[in-house]
Amino acid sequence: MKKQVLVTGGTGYIGSHTVVELQAVGYDVVIVDNLSNSQLDVLDRIEQISGIRPAFEQFDLVDQEKTEAFFQKYPNLNAIIHFAAFKAVGQSVDKPLMYYRNNLVTLMNLLECMTIFNVPNLVFSSSCTVYGQPEKLPVTEDAPVQKATSPYGNTKQISEEILQDTIFANPELKTIALRYFNPIGAHPSALIGELPLGVPNNLVPFITQTAIGLRQQLSVFGDDYNTPDGSAVRDYINVVDLAKAHVIAIARLMENKNKKNFEYFNLGTGRGASVFEVIESFERSTGQKLNYKVVGRRAGDVEQVYADTRFANEELGWKAEKTLDETLVSAWTWEKNLRK
Ligand code: UFG
């Protein structure tokens, strides 16, 4: 029998790419999503890519009764990948309680159901935001967690603590937290990708929307950082590469290959790219000229962060494969397809 995996937030950006990769290797996928930041036609698109339509349940995992009813309806789940969360840093500053309630209550409801219904395996979406501005770069998993600069970042830190404490109290539970660096790009089919609501906060959607004419000008937030060209440095990771890491993590748990009951890994490329380098790579690889100007720094931004990926490479046997150029081309193809 196929192993069954619950993917929360499975119609969202990283979730949908992961569903495709899970189905490609034979998992039976059930998606739970409240469609707060995604659309139902993502299911059609997943089906177009995979030839398989995943099961889908629309409800809010904040609702404990509905969450329990879901676990009753699907008694054969083997594992869970929990993507469902709010993720806009700026919005979290304005609406902290909305973020704490959504991101923490959903996790706690899931953990409770995992113990009640004996589903032992969880992969959790964490973030490099837990490191703040690390003292040493590239940043390794044993770098200290620093005080979060936003309620969003804090929900990821608190979530990791909730996981550790819950696993300590319930040794039958196992979790891998994946600390994403900056996920970008889209599926090569251009059928799924990132769908930001309103004006994008993140660099790459802002770039593609500027190139297509939806935005007049890209603002480069700061050119006076202590970096080679003065702009801030991040580790941009292709979303399909990222999705594949989840498939490996879920198999590691199900096959009991994990070395601890709570493990965490950096998912990045290991290479830092500055904002100017991203712009240059986009212009070169797509042939599009970008209208941009340098403005002041954005509040809350760190100067530079990129991953030491050795632990993920060695333990998971996973490595990011796609280049920045090809990933930016995939983001551009997706943007063009959206606006056709
Ligand atoms: N940037 C610009 N102009 C823009 C948007 C972004 O210059 O219009 C710059 C930012 O200042 C930053 C870089 O591009 O230097 C990347 O910014 P993003 O907003 O794309 O990504 P962040 O690194 O700020 O945020 C990401 C995730 C968050 C996570 C954070 C942790 O989106 O979920 O990393 O560091 F919390």
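Considering only region 270-286, state which residues are assigned to a loop (DSSP other than H, G, I, E, B) and surrounded by 20 or more Cβ atoms within 10 Å (Cβ to Cβ).
Across region 270-286, the qualifying residue is only 272.
Any residue in region 40-58 that is under 20 Å from residue 240 (Cβ atoms) sitting within a Cβ distance under 6 Å of a residue that is part of a strand (DSSP E or B)? List the pairs, counting only those 6 or more apart or interchain.
Qualifying pairs under 6 Å: 43/56; 54/29; 54/31.
Residues of region 299-312 being surrounded by fewer than 17 Cβ atoms within 10 Å (Cβ to Cβ) and either modelled with pLDDT of 95 or more or assigned to a helix (DSSP H, G or I) (or both), which ones?
Once the filter is applied, which keeps residues that are surrounded by fewer than 17 Cβ atoms within 10 Å (Cβ to Cβ) and either modelled with pLDDT of 95 or more or assigned to a helix (DSSP H, G or I) (or both), region 299-312 yields 303, 310, 311.
Can you find a residue in region 135-156 that is closer than 18 Å to residue 261 by Cα and away from the ligand (no atom under 11 Å from the Cβ)?
Yes, region 135-156 contains at least one residue that is closer than 18 Å to residue 261 by Cα and away from the ligand (no atom under 11 Å from the Cβ).
When you go through 53, 45, 101 one by one, which is the residue that is surrounded by fewer than 21 Cβ atoms within 10 Å (Cβ to Cβ), in a loop (DSSP other than H, G, I, E, B) and not polar (S, T, N, Q)?
Result: 53 is the single residue among 53, 45, 101 that is surrounded by fewer than 21 Cβ atoms within 10 Å (Cβ to Cβ), in a loop (DSSP other than H, G, I, E, B) and not polar (S, T, N, Q).
Taking region 140-181 as the search range and keeping residues that are in contact with an Asp or Glu (Cβ under 8 Å, 6 or more places away or on another chain) and among the hydroxyl-bearing types (Ser, Thr, Tyr), which one is nearest to residue 113 (Cα to Cα)?
Here the residue is 175.
If residue 85 passes every condition in (1) more than 25 Å from residue 56 (Cα to Cα); (2) within 16 Å of the ligand (Cβ to nearest atom) but one, which one does it miss?
(1)
Would a scan of region 169-187 turn up a residue that is of a type in the set (Gly, Ala, Ser), surrounded by fewer than 21 Cβ atoms within 10 Å (Cβ to Cβ), under 30 Å from residue 71 (Cα atoms) and more than 15 Å from the ligand (Cβ to nearest atom)?
Keep residues of region 169-187 that are of a type in the set (Gly, Ala, Ser), which gives 169, 177, 185-186.
Among the residues that remain, those that are also surrounded by fewer than 21 Cβ atoms within 10 Å (Cβ to Cβ) are: 169.
Adding the requirement that they be under 30 Å from residue 71 (Cα atoms) leaves 169.
Checking which are more than 15 Å from the ligand (Cβ to nearest atom) leaves us with 169.
Yes, region 169-187 contains at least one residue that is of a type in the set (Gly, Ala, Ser), surrounded by fewer than 21 Cβ atoms within 10 Å (Cβ to Cβ), under 30 Å from residue 71 (Cα atoms) and more than 15 Å from the ligand (Cβ to nearest atom).
Taking region 200-233, which residues are buried (at least 17 other Cβ atoms within 10 Å of the Cβ), assigned to a helix (DSSP H, G or I) and more than 9 Å from the ligand (Cβ to nearest atom)?
Scanning region 200-233 gives 208, 209, 211.
Please work out if residue 162 is in contact with a helix residue (DSSP H, G or I) (Cβ under 8 Å, 6 or more places away or on another chain), farther than 30 Å from residue 41 by Cβ, surrounded by fewer than 21 Cβ atoms within 10 Å (Cβ to Cβ) and among the aliphatic types (A, V, I, L, M). Spell out the reasoning first.
Details: in contact with a helix residue (DSSP H, G or I) (Cβ under 8 Å, 6 or more places away or on another chain): yes; farther than 30 Å from residue 41 by Cβ: yes; surrounded by fewer than 21 Cβ atoms within 10 Å (Cβ to Cβ): yes; among the aliphatic types (A, V, I, L, M): yes.
Yes: the conditions hold for residue 162.
The values are calculated or read from the model by the stated rules, or taken from the named source; none is laboratory data. Please read these numbers as outputs of a predicted model, since none were measured by experiment. For neighbour counting, all protein chains shown are included, and Cβ atoms are generated from backbone atoms with ideal geometry for every residue, glycine included.
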